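The values are calculated or read from the model by the stated rules, or taken from the named source; none is laboratory data. Predicted, not measured: the structure shown is a model, and the values here were computed from it. Don't worry about glycine lacking a Cβ; one is built from the backbone with ideal geometry, like all the others, and counts go over all protein chains shown.
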Amino acid sequence: MQRRHFLQSLSGACLLARLARGAGKTPPPKTTLDAAKEKTMAGTTPNIVFFLADQLGARALGCYGSGVNSTPNLDRLAREGVRFDRYYATAPVCAPNRATILTGRSPEIHGVTTNNYALQSDNPTYAHVLRRRGYRTGGFGKFHQTPMLWPVPTSLDFLGFDEAVVSEDPKWGPWIDWVHEKYPEHYAAALAMTNGHSGRQGPYARGDLMQGASQAQVDRKAKTYPRVMQPRIDASPWSRMYPSPLPPEVHDTTFITECGLDFIRRSEEGSAPFFCHISYVDPHDPYDPPEPYASMFNPDDMPDALPAEWEEQGPALLRSNQTSYLKFDTIAHNPAAVRKFRALYHGSLKLIDDQVGRVIDHLKTTGLWENTIVVFSTDHGEMLGDHGMIAKALPHYDLGIRCPLIVAGGPVRAGAEDRLSCSLDLFPTFCEWAGIGGEALPPLEGKSFAGFCGDWAGKESWNEVAVSISNIDTIIAAEGWRLTQYGPGQGQLFNLEEDPGEQHNLHEDPEHLPKKAELLERLVALRARPRLVGQYRNLGVQDGRKYDTGRRMEPCVLYDNPPSPWTVEGPRPEWKGDSRT
């Protein structure tokens with residue numbers, strides 16, 4: 001029996017039973033390479049575990065100088081491996097940057113320029129490339145490549161993943177089934193937590209039904225919410241922060257980790273290498289860690305937020321960040337409430353750190369560590385009250401755009417790197433670790449940073465002098481400048497070397513007009529770069545290969561990707577709630 005979609009083909013109860021039992025260890029039959037080729041690869045091609053957190057800036061981690069002991073496992077990982085100090089989100093919004101990581105292309109090429117678009121299948125993802133090379137590919141948690149108003153996918157084959165268990169911000173999906181099966185005493189509270197991310201708190205029957213919930217689940221949520229959730233919100237100075245009603249073992253962060261560990265355990269005895277993507281929804285808002293994490297950090301010990309210098313210096317449009325659907329203006333000028341918010345955020349981060357520690361400990365105790373590369377990063381940052389700001393997107397301050405990037409594992413050296421890099425660089429790096437190059441790669445914009453992590457090629461050719469950040473035009477220059485253009489006459493210019501707290505906007509300073517003009521020219525060139533790299537969808541096909549005829553007929557593998565079910569009419573592999581509830 002073909003079992004590529006091993007987890008997807010299981011009923012909810014069977015999957016949950018596997019997770020509860022600790023999972024079996026028999027890998028599915030090989031589908032992409034013959035056994036002889038896989039045996040040749042075994043032991044020489046590293047496994048890759050890729051952690052991705054949601055809405056977490058670099059400076060929130062201890063190893064990047066947070067001053068809060070919320071990331072001891074990640075700090076240990078940074079000491080054992082390589083910490084990249086200037087790694088930036090190419091598009092600091094969830095879906096666009098996740099699509100950029102998957103495809104190695106900028107938003108104007110892959111087309112996901114904002115949330116709730118569906119990623120087309122006309123560009124291979126890194127998972128397609130790794131799978132063709134013989135990797136078993138598994139993805140667990142948040143992907144955000146289908147509209148969140150629809151049910152979550154039960155298959156991500158169109159993105160190149162052999163197995164997938166998807167859990168998105170609304171929380172409707174396999175996590176709900178898992179709670180129902182394994183922790184029935186917490187099921188009603190879990191239902192009450194759904195859709196808390198959207199700014200629409202309380203019963204939301206129309207949206208819940210669109211996302212796959214049954215009428216029975218919607219009805220139970222409506223009955224439970226006033227008892228379980230409303231008192232927590234009413235007791236808080238800001239409706240976006242409160243302690244979760246669930247214990248840590250029931251949290252979706254734990255569930256996503258369990259799914260990843262299940263995949264790793266079943267891959268251990270196989271001859272093929274594996275790629276395991278573990279993607280958390282937290283510490284994204286709402287800021288609702290479970291106890292004891294909600295009380296783990298004293299608000300009085302939290303570092304103060306950076307002042308909102310823009311209120312005097314401009315641009316004035318930044319105020320819209322405070323008054324958006326999160327309504328941060330409720331507490332933006334209340335230092336005690338901001339410190340409480342930060343303490344809750346670090347509680348969520350500590351839960352993630354503990355779960356990462358579980359996976360690292362498993363890799364080490366089973367002997368997988370020596371041939372496994374572990375990557376931890378995030379899709380974008382979180383302002384955490386710095387500059388009077390919240391979340392992401394509009395503000396391109398440090399906490400919003402600079403992300404952690406930590407690489408560790410048996411083949412990886414220890415050290416720190418301050419060369420500029422961005423999320424475009426993950427795709428080529430994964431492939432270089434896997435020994436994949438040449439015509440196996442589609443056209444990519446980024447460069448592999450593998451050479452800075454150990455005995456891989458490419459280090460000498462790294463010469464990035466600036467990176468650009470889209471959604472709002474920003475350039476980060478290697479010599480330590482940030483220029484952001486919000487629109488005509490509205491911008492920011494900071495000397496990051498002299499002013500790391502970004503408190504002195506030099507955009508309108510006459511003495512810095514030459515520097516601004518220079519950076520604007522460089523920004524225009526950087527923003528043109530994606531359009532100058534060939535698009536895979538437009539390469540010609542002949543004799544079973546794609547050809548880039550604009551580059552002296554260089555060949556490229558023809559990847560026969562199935563279309564995304566969310567961009568064509570017809571039945572979709574999507575989750576549906578339990579009407580018996």
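Values as computed for the structure displayed
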quantity	calculated
Residue in the range 417-426 that is farthest from Ile373 (Cα to Cα), counting only those that are touching a helix residue (DSSP H, G or I) at 6+ places or on another chain (Cβ under 8 Å) and among the aliphatic types (A, V, I, L, M)	Leu424
Filtered residue count, the range 444-467, keeping only those that are among the aliphatic types (A, V, I, L, M), over 19 Å from Ala434 (Cβ atoms) and either assigned to a helix (DSSP H, G or I) or at pLDDT below 90 (or both)	1
Complete set of residues in the range 276-306 that are in contact with a Ser or Thr (Cβ under 7 Å, 6 or more places away or on another chain) and closer than 30 Å to Pro46 by Cα	Ile278, Tyr280, Val281, Asp282, Pro283
Helices (runs of 4 or more DSSP H) completely within the range 288-365 that count 2 or more residues being free of Cβ contacts under 8 Å to residues at least 12 places away in the same chain and not aromatic (Phe, Trp, Tyr)	335-365
Residue match in the range 148-155 (condition: β-branched (Val, Ile, Thr), more than 15 Å from the chain's Cα centre (by Cα) and in a strand (DSSP E or B))	no
Residue among Pro530, Pro562, Pro555, Pro571 that alone is within 30 Å of Asp177 (Cα to Cα), surrounded by 11 or more Cβ atoms within 10 Å (Cβ to Cβ) and of a type outside the set (S, T, N, Q)	Pro562
Pairs with Cβ under 9 Å, 6+ apart, first in the range 535-550 and small (Gly, Ala, Ser), second at pLDDT 90 or above and in a strand (DSSP E or B)	Gly540/Lys546; Gly540/Tyr547
Which listed residue is over 21 Å from Arg83 (Cβ atoms) and either crowded, with 24+ Cβ neighbours inside 10 Å or among the basic types (Lys, Arg) (or both), from Pro404, Pro395	Pro395
Residue ID - farthest from the chain's Cα centre (by Cα), chosen from residues in the range 468-519 that are of a type in the set (Val, Ile, Thr) and modelled with pLDDT under 95	Ile472
Qualifying residue in the range 247-263 (condition: modelled with pLDDT of 95 or more, touching a His at 6+ places or on another chain (Cβ under 7 Å) and among the β-branched types (Val, Ile, Thr))	yes
Given (1) in a helix (DSSP H, G or I); (2) closer than 18 Å to Ala305 by Cβ; (3) in contact with a Cys (Cβ under 7 Å, 6 or more places away or on another chain), number of the condition Gly381 does not satisfy	(1)
Members of the range 395-412 found to be more than 16 Å from Asp285 (Cα to Cα) and either in a loop (DSSP other than H, G, I, E, B) or among the small types (Gly, Ala, Ser) (or both), listed by number	Pro395, His396, Tyr397, Ala408, Gly409, Gly410, Pro411, Val412
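Residue by residue, here is whether (1) hydroxyl-bearing (Ser, Thr, Tyr); (2) in a loop (DSSP other than H, G, I, E, B) holds:
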| position | (1), (2) |
| --- | --- |
| Lys171 | no, yes |
| Ala192 | no, no |
| Asp208 | no, no |
| Arg220 | no, no |
| Tyr225 | yes, no |
| Pro245 | no, yes |
| Glu249 | no, no |
| Leu261 | no, no |
| Arg265 | no, no |
